[in-house]
Protein chains: 2
Amino acid sequence: MKLTLPPRVSPAQFDAALKAYEGVVGKQWVLATDEDRDAYSDIYAPGPESEWPPSAAVSPATTEEIQAIVRLANQHKTPLWPVSRGKNLGYGTAAPRMPGSIVLDLSRMMKIHELNSELGYCVIEPGVSFFDLYEHIQREKAPLWMSVPGNGWGSVLGNALDHGVGYTPYGQHARNLCGLEVVMPDGELLRTGMGGLDGGHSWHVFPLSYGPDWTHMFTQSNMGVVAKAGVWLQPEPEASLQLTWDIAEAEDIGWVVDTITPLKTAGVIEQNVFIPSWLGKIVLMGQRKDFWDKEGAIPEWRVEELLKEHKLGYWQVQIRFYGDERLNRARADIVKQAFKRHLDAAPREEKWNRGDPVNQYDVTMGIPSAVALQMGDWVGGRGAHMGFSPVVPATSKHVLGQLKRSRKIIADHDVDFYASFTIGGRYATNINMLMYDRDKPIQVANIRKMFDALIKGTAEAGYGEYRTHLGWMDAVSATYDFNDGAQRRFNEIVKDALDPNGIIAPGKQGVWPSAYRDQPQGGQP
Amino acid sequence: MKLTLPPRVSPAQFDAALKAYEGVVGKQWVLATDEDRDAYSDIYAPGPESEWPPSAAVSPATTEEIQAIVRLANQHKTPLWPVSRGKNLGYGTAAPRMPGSIVLDLSRMMKIHELNSELGYCVIEPGVSFFDLYEHIQREKAPLWMSVPGNGWGSVLGNALDHGVGYTPYGQHARNLCGLEVVMPDGELLRTGMGGLDGGHSWHVFPLSYGPDWTHMFTQSNMGVVAKAGVWLQPEPEASLQLTWDIAEAEDIGWVVDTITPLKTAGVIEQNVFIPSWLGKIVLMGQRKDFWDKEGAIPEWRVEELLKEHKLGYWQVQIRFYGDERLNRARADIVKQAFKRHLDAAPREEKWNRGDPVNQYDVTMGIPSAVALQMGDWVGGRGAHMGFSPVVPATSKHVLGQLKRSRKIIADHDVDFYASFTIGGRYATNINMLMYDRDKPIQVANIRKMFDALIKGTAEAGYGEYRTHLGWMDAVSATYDFNDGAQRRFNEIVKDALDPNGIIAPGKQGVWPSAYRDQPQGGQP
């Protein structure tokens, strides 16, 4: 990819900045060739990668190096786009929001500072992947389980900071963060919570502060660079028990949610319950052309055939229990009784006891896997996807409304409908996977148009996304319109106070520093 | 109490400000007589109330009135000290940190905007007390339980915002807050989280934001005035079961904590487990003079006599389970088995089923009570208390260390030792109740000296307080010394950006706006 300079930076100034960065990290960790830029571009970009071009990448190995880089960035006015491992597939991968930003690649920061089995937490750097942490836990024989997202090659911290989810009792990953070490936009080092006490023992166990707590201002955020954090981990259960139901009809999701939510708020079900639609199973069985070889959405009659052929329900519900066998049994009985009111079929049951082999692909047991990546092959060519991700209250009314609305918009655009709902408590996140072949410009253009329509239709109904792709960060931000965008304006005030030169991740989640609010894609549309 | 003006405000300017406030709320809701000032002073003040004197109080009835008052405060440079119901006993009651601040009394804001039984939350204003909400829930026959602190006359929101705790599965009150409406220091209105979407349905169910989440920057905070918030409530359980053990020796707290913490992180125990020492029971039986009629701490031999006489252990552990009977039984069996390893005696068991009468004094069932207030009578005279409240990791090492350290400092000052530990998960809050008779200046002086020693000794060992009395807010803030007080400086940067005139709660938790950083008690010591 050809070089796109950061706004208002001349080639000479840019070269001077890179030279300065080389002084910090060494020549080999400042990456600025065309090939380097390709490596940090969005490989799933819905359009040409050149829409979100990095100018270079710089990769520090320590907190001190991050601090030095951030200070230099202020001098040289070269904005940084921090990524942990840069695997944010479907939302932009490693690519920056503002063209010409320099990717601050933290993947070399792979230290696991602490693994505390007694209290169940680890202290890690952003470069630690789910696989890395898993292997470390195994090596140490620590009685701890992780919570992992569908795809485990990304960063544990990066995922939690971007509000990622998993499918265990610790599935709301941002809520597991306890005690951050953050490089501020001026290069200063801040520790949140009890880390404010030098050498304090309670940093990674107490989730609040003396005074205001800042932990979550650094999630989905451009207010600082998280260099280290505590992450709570689940104690390894003595046993586990899983119930699986196939749920026949799309509309059945209504009673399913109304059954699960009260059991989740009452603490009977502890995990984040993931409910994927049938296509979630089929994408792992082959390529789209093996099931339907025409353009346009798979027609309803063929969907019904496929469900019959592969003995699938429209949805699959799996509920897993963790802990002492007696407890799992009591929980399972209660849940089965509740499902029985709507469904005669008994669930399949799968037991596990400590010491038994684990299913290497079971994310509900906290085992990282890359199986979900196979989805990339589904459409063929340069297969890619985006996620459309609104949040709705976890009741039938809201979930069925959301299902109907997005299903219609997606059908109107003649695109396959692949939805999932994850019940996280009082809310459900609704991920709509939108798959496309990047080699087919018409398909990509259609997806983009549809994405606009989804955001608009969903916001009009009173729901917002919790996360989105680089290209729609401003559009989604604009849907947060209460009091003329008070939330955006508030973000901007704090951003400008902390980062007057706007050098940390300008445009992240629609938050633009004043330094770049004049950019073509900056500010509100 | 005589009038103390806010810094740099002349009597004429002060009168003009009060006139302006009267224009907003009406004459009767601007309270500025000597008697009014008495009513807003710290009735438990460790010293003369005049150390923390309010100049007046103004009491709005609506969010719009708060906004108008805040805008006027900016014009008149009259700092406001927001209180919800002003019942923060032991930490300053309604009195302001900075002398001459005007108390912004929100106790007239008593609307319950929503009570959602399906999803388990309410949306309330700061004036709603625990008793108010309890009565509302009873009246509506809503199947919801609250989580209440020891004393229920305070504000539900005020308590959560000040990081208060209760003794149910929803006992970490700040973590129940979901979706705030905040009047910013410039009078603008901000809604956090999904409330950023005008009319958004997910405001009070999704605990994060699109972009940075600001919820907890408004807890223990002077960054804005919370006018309304969502609070998660527990679904009413079908049944409940409580186990009670008397624990003989002070040092037994070590194995007790090591037994409870893993069961809590594993989800077997859901509630915040409150473990009070023996004096917590005795203070409810009469006055100190009935048990020991001399000055100085009750001697060890007499403590032992009292424990025998009243059949008390040094500690009492009560663990309550909530939900389906089968689940409670399974949980109880696991916990009993774990205790059995250390203690032969079986626990007392107490069952409850939906429909049974409830014990009106049982805070573990979410029933607000004022029984704890009786403690005020213990020392006689104008009895009062302060709480010394450090946070420690919930393991025997840290808990026993903390017990030993504070016990020694308190014994060295010849004061009764009344400790409790509340296990909130990976951490325990250790509340040391320090009781004194305000009519005895020597006693009060001794308590103050001791409080300084407690803060110093605890910080040197690596632990910080999560909350403190007005008089020690700066001292505790100073113990958060990492990177030369980076947390305090960070607070100041954000504070100055949001509140250039410093009109919201100057000095709260040691956070001083630049406008008042020159005050005698402002800034760092």
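The values are calculated or read from the model by the stated rules, or taken from the named source; none is laboratory data. Fair warning: this is a prediction, and the values are worked out from it, not measured in the lab. In this analysis, Cβ positions are derived from the backbone assuming ideal geometry, glycine residues included, and neighbour counts consider all displayed protein chains. What goes into the accessible areas is simple: the full protein's heavy atoms, side chains included, and nothing from ligands, DNA or RNA. Shrake-Rupley method; radii C 1.70, N 1.55, O 1.52, S 1.80 Å.
Every residue, every condition in (1) touching a strand residue (DSSP E or B) at 6+ places or on another chain (Cβ under 7 Å); (2) of a type outside the set (A, V, I, L, M, F, W, C), yes or no:
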site	(1), (2)
A:Glu49	no, yes
A:Pro60	no, yes
A:Pro82	yes, yes
A:Asn88	no, yes
A:Leu106	yes, no
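Would you check if there is a residue in segment A:382-390 being in a loop (DSSP other than H, G, I, E, B), closer than 26 Å to A:Val303 by Cβ and either in contact with a Ser or Thr (Cβ under 6 Å, 6 or more places away or on another chain) or within 11 Å of another protein chain (Cβ to nearest Cβ) (or both)? Yes, there is a match, as at least one residue in segment A:382-390 is in a loop (DSSP other than H, G, I, E, B), closer than 26 Å to A:Val303 by Cβ and either in contact with a Ser or Thr (Cβ under 6 Å, 6 or more places away or on another chain) or within 11 Å of another protein chain (Cβ to nearest Cβ) (or both).
Selection of segment A:304-331 for residues being surrounded by fewer than 20 Cβ atoms within 10 Å (Cβ to Cβ) and either facing another protein chain (nearest Cβ under 9 Å) or under 21 Å from A:Gly355 (Cβ atoms) (or both) yields A:Glu325, A:Arg326, A:Arg329.
State which residue pairs qualify: first residue touching a residue at least 12 places away in the same chain (Cβ under 8 Å) and inside segment A:248-264, second residue open to solvent by 10 Å² or more (accessible area, probe 1.4 Å) and among the polar types (S, T, N, Q) in any location, beta carbons under 8 Å apart, and separation of 6 or more residues or different chains. Listed by first residue and then by second, the contacts come to A:Ile253/A:Ser396; A:Gly254/A:Ser396; A:Trp255/A:Ser396; A:Val257/A:Ser396; A:Asp258/A:Ser396.
Given the criteria closer than 30 Å to A:Val335 by Cα and under 31 Å from the mean Cα position of the chain (by Cα), does B:Arg331 qualify? The answer is yes for B:Arg331. What number of residues within segment A:185-206 are more than 7 Å from chain B (Cβ to nearest Cβ) and open to solvent by 10 Å² or more (accessible area, probe 1.4 Å)? Of the residues in segment A:185-206, 3 are more than 7 Å from chain B (Cβ to nearest Cβ) and open to solvent by 10 Å² or more (accessible area, probe 1.4 Å). Here B:Phe388 fulfils each of the conditions (1) open to solvent by 10 Å² or more (accessible area, probe 1.4 Å); (2) over 24 Å from B:Thr244 (Cα atoms) apart from (1).
All told, A:Thr479 meets the bar of being within 21 Å of the chain's Cα centre (by Cα), among the β-branched types (Val, Ile, Thr), at the interface with chain B (Cβ under 7 Å from one of its Cβ atoms) and closer than 29 Å to B:Leu233 by Cβ. Of the helices (runs of 4 or more DSSP H) lying entirely inside segment A:437-525, those containing at least 3 residues that are under 23 Å from A:Pro7 (Cβ atoms) and without any contact (Cβ under 8 Å) to a residue 60 or more places away in the chain are A:473-479, A:482-498. Taken over segment B:138-180, the criterion of being open to solvent by 30 Å² or more (accessible area, probe 1.4 Å) and touching a Gly at 6+ places or on another chain (Cβ under 7 Å) is satisfied by B:Pro169 alone. Scanning segment A:276-288 turns up no residue that is within 28 Å of A:Tyr121 (Cβ to Cβ), open to solvent by less than 30 Å² (accessible area, probe 1.4 Å), aliphatic (A, V, I, L, M) and in contact (Cβ under 8 Å) with a residue 12 or more places away in the chain.
Only one of (1) more than 14 Å from every other protein chain (Cβ to nearest Cβ); (2) closer than 23 Å to B:Ile423 by Cβ is not met by B:Ser155, so which one is it? For B:Ser155, the exception is condition (2). Exactly one condition in (1) of a type outside the set (A, V, I, L, M); (2) over 15 Å from A:Ser155 (Cα atoms); (3) at pLDDT below 95 is not met by A:Tyr91; state its number. Just one mismatch for A:Tyr91, condition (2). Quick check on B:Lys311: is it over 17 Å from B:Thr364 (Cβ atoms) and more than 29 Å from the chain's Cα centre (by Cα)? Yes.
Are any residues in segment A:391-429 over 19 Å from A:Gly457 (Cα atoms) and assigned to a strand (DSSP E or B), and if so, which ones? If the condition is that a residue be over 19 Å from A:Gly457 (Cα atoms) and assigned to a strand (DSSP E or B), then A:Thr422, A:Ile423, A:Tyr427 are the ones that fit.
B:Asp499 meets all of the listed conditions (1) in contact with a Lys or Arg (Cβ under 8 Å, 6 or more places away or on another chain); (2) open to solvent by less than 20 Å² (accessible area, probe 1.4 Å) but one, namely (1).
Table: residues versus (1) over 30 Å from B:Tyr436 (Cα atoms); (2) surrounded by fewer than 17 Cβ atoms within 10 Å (Cβ to Cβ); (3) of a type in the set (Gly, Ala, Ser); (4) under 29 Å from the mean Cα position of the chain (by Cα).
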{"residue": "B:Pro11", "(1), (2), (3), (4)": "yes, yes, no, no"}
{"residue": "B:Gln28", "(1), (2), (3), (4)": "yes, yes, no, no"}
{"residue": "B:Asp34", "(1), (2), (3), (4)": "no, yes, no, yes"}
{"residue": "B:Arg37", "(1), (2), (3), (4)": "no, no, no, yes"}
{"residue": "B:Asp42", "(1), (2), (3), (4)": "no, no, no, yes"}
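Is it fair to say B:Asp362 is of a type outside the set (Ser, Thr, Tyr), without any contact (Cβ under 8 Å) to a residue 40 or more places away in the chain and away from every other protein chain (no Cβ under 14 Å)? Yes: the conditions hold for B:Asp362.
The residues of segment B:445-460 that are away from every other protein chain (no Cβ under 14 Å), farther than 17 Å from B:Arg97 by Cβ and open to solvent by 10 Å² or more (accessible area, probe 1.4 Å), listed by number, are B:Ala445, B:Asn446, B:Lys449, B:Asp452, B:Ala453.
Kindly provide the set of residues from segment A:373-427 that are modelled with pLDDT of 95 or more, basic (Lys, Arg) and under 22 Å from the mean Cα position of the chain (by Cα), ordered by number. A:Arg426 - this is the single residue of segment A:373-427 that is modelled with pLDDT of 95 or more, basic (Lys, Arg) and under 22 Å from the mean Cα position of the chain (by Cα).
Looking across segment B:236-260 at every residue that is within 14 Å of another protein chain (Cβ to nearest Cβ), touching a strand residue (DSSP E or B) at 6+ places or on another chain (Cβ under 6 Å) and open to solvent by less than 10 Å² (accessible area, probe 1.4 Å), the one that is nearest to A:Asp324 (Cα to Cα) is identified as B:Ile260.
Taking (1) loosely packed, with under 13 Cβ neighbours inside 10 Å; (2) of a type outside the set (A, V, I, L, M); (3) under 30 Å from B:Ser477 (Cα atoms) in turn, B:Lys294 satisfies each apart from (3). Does segment B:428-441 include one or more residues that are within 24 Å of A:Pro212 (Cβ to Cβ), of a type in the set (Ser, Thr, Tyr), open to solvent by less than 10 Å² (accessible area, probe 1.4 Å) and within 14 Å of another protein chain (Cβ to nearest Cβ)? Yes, there is a match, as at least one residue in segment B:428-441 is within 24 Å of A:Pro212 (Cβ to Cβ), of a type in the set (Ser, Thr, Tyr), open to solvent by less than 10 Å² (accessible area, probe 1.4 Å) and within 14 Å of another protein chain (Cβ to nearest Cβ).
Inside segment A:116-152, residues that are within 14 Å of another protein chain (Cβ to nearest Cβ) and either touching a His at 6+ places or on another chain (Cβ under 7 Å) or part of a helix (DSSP H, G or I) (or both) make up a count of 3. If the condition is being surrounded by 21 or more Cβ atoms within 10 Å (Cβ to Cβ) and over 21 Å from the mean Cα position of the chain (by Cα), then segment A:83-118 contributes A:Gly100, A:Ser101, A:Ile102. The single condition from (1) more than 20 Å from the chain's Cα centre (by Cα); (2) open to solvent by 10 Å² or more (accessible area, probe 1.4 Å) that A:Tyr463 fails is (1).
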